[in-house]
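Chemist: Below you'll find the structure I mean.
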Amino acid sequence: MKKKNILFAVSEALPFIKTGGLADVAGTLPYYFDKKKFDVRVILPKYACMKQELKEKLKYKFFTFVDLAWRNQYVGVFEAKINGITFYFIDNEYYFSSDAPYGEIRGDIEKFAYFCRAIFKVLPQLDFKPDLIHCHDWQSALIPVYLKDQFCKEDFYKDTKTLLTIHNLKFQGVYGSDIVEDVLGLSMNYFTEGKIENNGCVNLLKGGLYFADKISTVSETYAEEIRTHEFGEGLNSFVSYREQDLFGIVNGIDYDFFNPETDKAIFENYSLETVKEGKIKNKLALQRELGLFQDENVFTIGIVSRLTDQKGFDLIGAVLDEICQTNIQLIVLGSGENHFEQMFYDLKNRYPDKISITVGYNEELSHKIYAACDGFLMPSRFEPCGLSQLIALRYGTIPIVRKTGGLKDTVIAYSDDEKASNGFSFASYDAYSLIQQIYSAEKLFYENKESWNQLVLRAMKSDSSWNNSAKKYEKIYSQMLK
Ligand code: ADP
């Protein structure tokens with residue numbers, strides 16, 4: 001079979017730019033495909049807010065112009081090769097010079113409509129003819145729309161297929177109908193319920209879901225959940241309409257980057273053989289660094305997360321006072337909604353020895369937390385896949401999670417199957433169920449060290465690498481390109 005060209009079209013990818021798990025996926029999955037069968041490249045915007053040392057790695061290739069409705073916009077193209085994978089960058093200072101990748105929605109819609117059109121414009125000049133464009137979330141969901149509307153008529157794109165992966169159905173790229181012609185450059189014929197209209201608004205994700213050849217999401221459970229009213233974010237009927245073309249593949253993590261044996265960010269490296277002592281050394285060092293009371297025996301729970309409703313912080317808020325009555329420490333790293341930050345600051349005032357809160361994004365500290373803690377809390381309201389629990393498992397840190405989406409698919413509950421378990425989980429979204437699981441974990445940690453240590457080993461042995469999932473994507477690509 002001739003080698004197939006796959007293009008990841010994405011709004012963020014490691015190591016260049018990251019606001020969430022999407023960047024981890026787009027920046028790591030491409031490395032895991034069989035290079036004899038697939039040439040996988042990545043294209044993303046060249047954001048001014050990328051770190052200077054990364055921007056210096058990009059090589060200028062050429063420039064051109066692209067039409068976006070009545071506009072004619074500059075498109076610069078840059079390239080970087082990282083460990084054999086080619087990353088292309090679309091450059092336009094008008095669109096990509098703000099201090100974060102995403103801002104207000106009207107501006108974002110225009111910049112990603114531009115991004116999608118620019119991709120079609122530059123690929124022929126790059127001489128990279130995509131057999132399949134793998135789109136991710138609403139930011140690249142216009143690609144299947146533009147392909148069907150216009151570009152499939154060009155010889156270069158006539159056989160191109162599209163796969164759209166939903167990383168989080170909550171974000172859909174929604175705006176009023178005035179943008180259809182003026183910004184997206186589409187005819188008003190597209191503004192119908194079967195295409196890009198939803199509840200009277202333009203909905204870019206829906207457009208992608210309608211026109212993409214196949215749709216995937218990041219866990220099997222989430223693929224089922226999004227067909228329901230509870231998780232469907234207003235698109236459940238539409239998702240169900242395409243259920244024949246919808247499948248779930250759980251995300252993996254980069255086993256080289258997240259490796260307790262070699263991780264330079266943590267205080268002490270450890271392996272399966274040395275995890276017990278290794279975690280204690282990491283715990284004591286992190287307690288010292290964060291100004292917590294140093295105690296190797298205290299049950300320490302970590303949180304590394306966006307501080308939003310989705311991640312279950314209202315539930316956590318409801319149980320905090322009660323769990324602080326027991327012998328625990330809670331180490332939190334996150335940023336997001338102000339009131340959740342404040343909630344942890346208040347608690348820290350009341351229990352200074354037990355709580356540490358660091359607001360902001362800090363990769364190095366996140367690794368230290370994964371390595372030092374005994375438990376990892378993630379009681380999400382919904383969770384398409386979740387990477388944090390996978391990282392926690394890799395570091396032998398026991399996830400305490402809600403059974404939803406990818407959390408359900410990757411964490412086997414101690415209460416369900418003691419011998420196979422790698423964590424604790426609960427189904428019903430309520431504070432009582434959460435606290436029961438925290439207490440169960442705490443009890444096992446303090447009262448049955450032998451079982452706890454076995455649980456840690458099973459967690460570390462859980463396979464959350466990309467290998468299995470990359471094979472599943474390969475299979476889908478192959479079916480689509482037959
Ligand atoms: P999300 O819904 O935010 O994408 P995931 O669990 O899929 O959640 O991925 C979150 C990723 O971002 C993980 O790699 C996690 O370690 C990282 N992360 C989240 N918040 C922070 C933070 N404040 N500092 C450092 N890393 C963070």
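Just so you know, all these numbers are worked out from the coordinates, no wet-lab data involved. All values reported here derive from a predicted model rather than from experimental measurement. Note: ideal-geometry Cβ built from the backbone for every residue, glycine included; neighbour counts use all protein chains shown.
Chemist: Quick check: residue separation of Cys201 and Asn297 times 0.36 nm, minus the Cα distance between them. What number comes out in nm?
Modeler: Separation in residues times 0.36 nm, less the Cα-Cα distance, equals 29.1 nm.
Chemist: With θ taken as phi - 60° and the coefficients 6.51, -1.76 and 1.60, list the Karplus ³J(HN,Hα) couplings across the range 309-323 in order, rounded to whole Hz; mark glycine and proline as x.
Modeler: Per-residue couplings from phi come out as 3, 3, 8, x, 6, 5, 5, 4, x, 6, 10, 4, 4, 5, 6 Hz.
Chemist: What does the C-alpha gyration tensor say about the overall shape of the range 83-198? Classify as rounded when a/c is under 1.5, otherwise prolate if a/b is larger than b/c, or oblate. Could the numbers behind the result be given before it?
Modeler: Details: a/c = 1.57, a/b = 1.15, b/c = 1.36.
Because a/c hits 1.5 or more and a/b fails to exceed b/c, the range 83-198 counts as oblate.
Chemist: Taking amide hydrogens as modeled 1.01 Å from N in the peptide plane, which residues meet the under 5 Å criterion relative to Glu383, leaving out close sequence neighbours?
Modeler: Counting only residues 5 or more places away or on other chains, the set is Gly405, Gly406.
Chemist: Please report the spacing between the Cα centers of the range 176-235 and the range 1-36 in Å, no decimals.
Modeler: Using only Cα atoms to place each centre, the spacing works out to 23 Å.
Chemist: So what are the ³J(HN,Hα) numbers for the range 118-128, from phi and the Karplus equation (6.51, -1.76, 1.60; θ = phi - 60°), rounded to whole Hz, Gly and Pro as x?
Modeler: 3J(HN,Hα) across the range 118-128, in whole Hz: 4, 4, 4, 5, 8, 4, x, 5, 7, 6, 10.
Chemist: Report the percentage of all Cα-Cα pairs in the range 176-253 whose separation exceeds 20 Å, rounded to a whole percent.
Modeler: Result for the distance tail: 36 percent.
Chemist: So for the chain, taking the charge dipole from beta-carbon charges (+1 Lys/Arg, -1 Asp/Glu), which of Ala392, Ala48, Leu290 sits furthest toward the positive end?
Modeler: Looking along the dipole axis, the top candidate is Ala48.
Chemist: By its C-alpha gyration tensor, with a ≥ b ≥ c as the square roots of the eigenvalues, how is the range 7-149 shaped: rounded for a/c under 1.5, else prolate for a/b larger than b/c, else oblate?
Modeler: Rounded is the answer for the range 7-149, as its axis ratio a/c remains below 1.5.
Chemist: Let me ask something additional. Given H placed on each backbone N at 1.01 Å, which residues far from Asp39 in sequence or on other chains put an amide H within less than 5 Å of it?
Modeler: Lys4, Asn5, Ile6
Chemist: For a paramagnetic label modelled at 7 Å from the Cα of Ser433 toward its Cβ, which residues of the range 205-243 fall within the zone defined by backbone nitrogen distances under 19 Å?
Modeler: Taking a point 7 Å out along Cα→Cβ of Ser433, the residues of the range 205-243 whose backbone N falls under 19 Å are 220-233.
Chemist: Go from 0 up to the bin containing the longest alpha carbon distance in the range 275-463, width 5 Å each, and give me the % of pairs per bin.
Modeler: 1, 8, 19, 23, 23, 16, 7, 1, 0
Chemist: Against the longest principal axis of the chain, how steep is helix 431-447, in degrees 0 to 90 to the nearest 10, with axes from Cα atoms?
Modeler: 50
Chemist: Cα-based Rg (one decimal) and Dmax (whole number) for the range 377-443, in Å?
Modeler: 10.6, 30
Chemist: Could you give the length gained by full extension between Gln454 and Asn468, i.e. 0.36 nm per residue of separation minus their alpha carbon distance, to one decimal place?
Modeler: That pair, Gln454 and Asn468, stretches by 2.6 nm at full extension.
Chemist: Placing unit charges on C-beta atoms (Lys and Arg positive, Asp and Glu negative, everything else neutral), compute the dipole magnitude of the chain about its Cα centre in debye, rounded to 20.
Modeler: Computed charge dipole of the chain: roughly 1520 debye.
Chemist: Moving on to the next point. Can you list the HN-Hα couplings for the range 331-340, worked out from phi with the Karplus curve (6.51, -1.76, 1.60; θ = phi - 60°), rounded to whole Hz and with x for Gly and Pro?
Modeler: These are the phi-based 3J(HN,Hα) values: 10, 10, 10, x, 8, x, 5, 3, 5, 6 Hz.
Chemist: Just how far, in whole angstrom, is the range 46-71 from the range 354-389 if you go by their alpha carbon centroids?
Modeler: One Cα centre to the other: 33 Å.
Chemist: Under 5 Å between amide H atoms, partner at least 5 residues away or on a different chain: which partners does Leu307 have, H built in plane at 1.01 Å?
Modeler: The answer is Ser335, Gly336, Glu337.
Chemist: Another one. Using just the C-alpha positions of the chain as equal point scatterers, what log10 of I(q)/I(0) does the Debye formula give at each q in 0.05, 0.08, 0.09, 0.14 1/Å?
Modeler: The computed values of log10 I(q)/I(0) come out as -0.19, -0.50, -0.63, -1.36.
Chemist: Just to verify a number: FRET efficiency for Ser478 and Ser240, C-beta to C-beta distance, R0 = 30 Å, to 0.05?
Modeler: Efficiency computed from Cβ-Cβ geometry: 0.70.
Chemist: Hey, got the dipole for the range 207-347? About the Cα centre, +1 on K and R Cβ, -1 on D and E Cβ, debye to the nearest 20?
Modeler: Computed about the Cα centre, the dipole is about 240 debye.
Chemist: Same structure, new question: Given axes a ≥ b ≥ c from the Cα gyration tensor, I'd like to know whether the range 260-343 is rounded (a/c under 1.5), prolate (a/b larger than b/c) or oblate.
Modeler: It comes out prolate by the Cα gyration axes.
Chemist: If the cut-off is a Cα-Cα distance under 25 Å, which lysines reach Lys311, setting aside same-chain residues fewer than 8 apart in sequence?
Modeler: Lys18, Lys170, Lys206, Lys283, Lys348, Lys354, Lys368, Lys403, Lys408, Lys443
Chemist: Quote the relative contact order of the chain in percent (integer), defining contacts as alpha-carbon pairs under 8 Å separated by 6+ residues.
Modeler: About 12 percent, as a whole number.
Chemist: How far is it, in nm, from the label point at Thr308 to the one at Asp178 when both lie 7 Å from their Cα along the line to the Cβ?
Modeler: Reported label-point gap for Thr308 and Asp178 is 2.7 nm.
Chemist: By DSSP, what percent of the beta bridges with both residues in the chain are antiparallel, rounded to the nearest 5?
Modeler: Roughly 30 percent of the DSSP beta bridges within the chain come out antiparallel.
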